[in-house]
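The values are calculated or read from the model by the stated rules, or taken from the named source; none is laboratory data. Treat the numbers as computed from the prediction; the structure is a model and nothing was measured. Ideal geometry is used to build each Cβ from the backbone, glycine not excepted, and the neighbour counts take in all protein chains shown. Each accessible area value is taken on the protein alone, full model and side chains, heavy atoms only, with ligands, DNA and RNA left out. Shrake-Rupley method; radii C 1.70, N 1.55, O 1.52, S 1.80 Å.
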Amino acid sequence: MELLSPRPGIGQIKPYRPARPPEDGAAWVDLSLTVNPLGPGKKALTAYRHMAAQIHRYPDWSQDRLRHAIARRYDLDAGHITCANGSDEMIHLVTQAFAGPGDEVLCHEHGYRGFMKAIRAAGATPVIAAERDLVVDVEAMIDRANEKTKLCFLANPNNPTGTYIPSELVLRLRAGLPSHTLLVLDSAYADYCRRDNYSDGTAIVENSDNVLMVRTFSKLHGLAGLRVGWAYGPAGVIEAVNQTRGPFNVGIAAQAAAEAAVGDTEHEEATFAHNSAWLPWLSHELEQLGVRVYPSVCNFILARIPTDPSLGVQAVLDHLARRGILVKPTQDYGLADCLRITVGREDENRALVAALGEILS
């Protein structure tokens, strides 16, 4: 009997393997995932707990309250918003809706790996444009586009590099792509990038009929465990995503917590202030240890381990693990000699620096 096999491309998807501590019950400092070290805000927690008695019910399939809360917060049209089970699901939904076998989807070299999984799962072909010094090269992306290019993914700011490109280059990318190509702006870390020349993509969406912006509640809002993402785009694109998604893809408690979180500007500012203080501190301390730290506008840094025959990424990872600290290796991004390190609480940041000092000094 012939064995059942998945569609071509599925076997090329690399399973996600997060850093995991040994299951010995010990407390660990986890700086491997880009979560909010302050946790969720009080308003989100209150809303989440309030819905506890309602979890036997299905959530609102139309996501009305959440969509309108997002619209009020960012001065958008709620009719052009849809929500998903995290921005990861949104990336999968838009890929399924617009690309398939025989189509190409354009990405950048060290871009978010979730793009590749969505492309392979849809049966499309990924096309990778080289970056320049870990920054998206817009002209290289334009050069790789053709009549088969159905989607173009741009993570801006990007994970794991922490770099971004200014709005004028995003506009140049949109102008240089074929008109039949949907530009998808993954703006998961937009809340951390308050630069005069940066935009999350809202204005580009509103002046185009082929741009979609994707956002998340996992980072600044501290709701990574609830999985809530959203997208803002042209009516036709949003309709296609809604036709693709399941009717109850965002849980009832998740919708309530996200609705409360999006209006909690006090928690947003506290999170931003924490990151603004500890991102430069952590970068400076690591540089003092001889680590190359790439400039980041996110809530993490990309650190290149010094070249030393007696030292390497795995040796550093093993040493940190012995000290009860987890960080993210980035070999899957083509950055085998780097680590991605999330900005944690003060005690976590100091513990990391001390542990690295033991092995690097």
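Annotations
- Scoring 89-96, 193-200 by mean Cβ neighbours within 10 Å over their residues and listing the highest first yields 89-96, 193-200.
- What separates the Cα centres of the stretch 218-238 and the stretch 286-361 is a distance of 29 Å.
- For the chain, with all protein chains in place and a probe radius of 1.4 Å, 51% of the accessible heavy-atom surface sits on carbon or sulfur.
- Violating pairs (Cα-Cα greater than 22 angstrom) within the set K14/K219; K42/K219; K42/K328; K14/K328; K219/K328: K14/K219; K42/K328
- Counting only protein heavy atoms and a 1.4 Å probe, the chain has 46 square angstrom of accessible area per residue.
- Gaussian network model of the chain, springs between alpha carbon atoms under 10 Å - residue of L185, L311, L134 with greatest fluctuation: L311
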